[in-house]
Every structure is written in C-alpha cells, then in structure tokens.
Amino acid sequence: MPALDTRSQQPYRQMELNPHAADDAMHSPERVREQVEKLRMQAELFEQQRLQSESQSRELEQSTMRKAHFNADLNELGQKIHNAVRRIERELESMSNEQQELEHVCDCFKRHLQILSALQPQMWPPEGVSDRLREAIPKLDRAENDFLEAYAMGRKYRHTDVMVHKPGEVKERKLTWRKLREEMAKGFFFHLPLFLLILISWATYILITN
C-alpha cells in the first residue's frame, strides 16, 4: 500500500478584487495626469512628424521645381551653344575656302609675275624683236585675262574686300552718318537766306491783310 504524502500543501489563495478600489486607482489624479501627459507627448510627436513630413514634401517639391528649371535652362543654353558652334564651324569653313581660293589666286599671280619679269623686252636684240613679241604677247594676254577674271569674282568673298578694288583704283567713298550730317548742314545754311526771305514775305502779307 503506497505511503501517503503527509507534506504540508500550499493552500490556494484566491485574490479578492475590489472593483471600487481598482476604479479609484484608475481615475486617480496622478493616473489622469499621466494619461494626459502621455497623450500630450503623443500629440506633440504626431505634430512633429506631420511638420517634418510637410517640410520634406515642400523640399521635395522645391527640389523638383529647381530640377525642372535647371533642366530647361540646361537644354536652352545647350541648344544656343550648339547653334553657335554650328555657325562658327560654317564660318570657319567659309573662311578656309576663301583662304584656299585666295592662295590659289596669289600663286597664279606670282607665276605670271615671274614669267613677265623674265621677258625683259629692253634686253631684246633688234633683229629678233618680232619673234620675241610673238612669243611674249600671249603670255601678257594670259596674265591680263587671269588678273581681270580674278578681280571680276572678287565681290563673292564675304570675309575680305582685297579683291574688290584693283591696285591703283580709287575706292568709292561710302556715305557715313557724319558725312550725311555735314551735307545736311551745308544744305541748310545754303537755303537759310531764301527761307528767311520767304518767312519775312509771309509775315508782311499777314500784317497787310489784317
């Protein structure tokens, strides 16, 4: 027969709740102040989070607008610079083409100059003048034709006027604003006596008729 456990057993004690005491503790001033303080801190935290969120949203919006403006300015300036580069390249190409043409004309003139300088008609002997002239005249004519043809095309060059006027020719005097004022002043002083005479006659007529 098994032995009985005679050790003392811990008696079960049931906690007695006092509803009135619990309710009083929950609604005590200290408890209420703690709840109010906790709610206030939560409200401040929510307000800070809201303000921070609004600030971040405004910063993001401003950054987006600045980025859009920067991108627009970037594209506009890039397009302007691109167009400027294209214009400069075309201008440089035009200048290079004109330079090559002028160098060709200059080389042609130098060859003609060497040929003409080598003729030296003052050194020709009297007995061979006809033969020398028959050989020299075509060279002179060819040089003159090339000279006239080159200057006939001189106005096509946009970057220089070196081929517009032949050496020894007097350039056309351009009408400047200063020259125009001088001419107008001369015309005014030239016609001033006639104008005064007309004015005096008109004033005399008015006095007589009135």
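The table below gives the values:
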quantity	calculated
Filter result (over 18 Å from Leu116 (Cα atoms) and either in contact (Cβ under 8 Å) with a residue 24 or more places away in the chain or surrounded by 14 or more Cβ atoms within 10 Å (Cβ to Cβ) (or both)) within the stretch 139-163	Tyr151, Gly154, Tyr157, Arg158, His159, Thr160, Val162, Met163
Complete set of residues in the stretch 113-132 that are under 20 Å from Phe147 (Cβ atoms) and more than 60 Å from the chain's Cα centre (by Cα)	Pro121
Of all residues making up the stretch 100-115, the number that are surrounded by 14 or more Cβ atoms within 10 Å (Cβ to Cβ) and either more than 22 Å from Val164 (Cα to Cα) or of a type outside the set (Asp, Glu) (or both)	6
Among the candidates Gln79, Gln56, residue that is surrounded by 10 or more Cβ atoms within 10 Å (Cβ to Cβ), of a type in the set (S, T, N, Q) and at pLDDT below 95	Gln56
Failed item, numbered, when Gln122 is tested on (1) surrounded by 10 or more Cβ atoms within 10 Å (Cβ to Cβ); (2) in a helix (DSSP H, G or I)	(1)
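The values are calculated or read from the model by the stated rules, or taken from the named source; none is laboratory data. All values derive from a computational prediction rather than experimental measurement. As a convention, Cβ positions derive from the backbone with ideal geometry for all residues, glycine included, and neighbour counts pool all protein chains shown.
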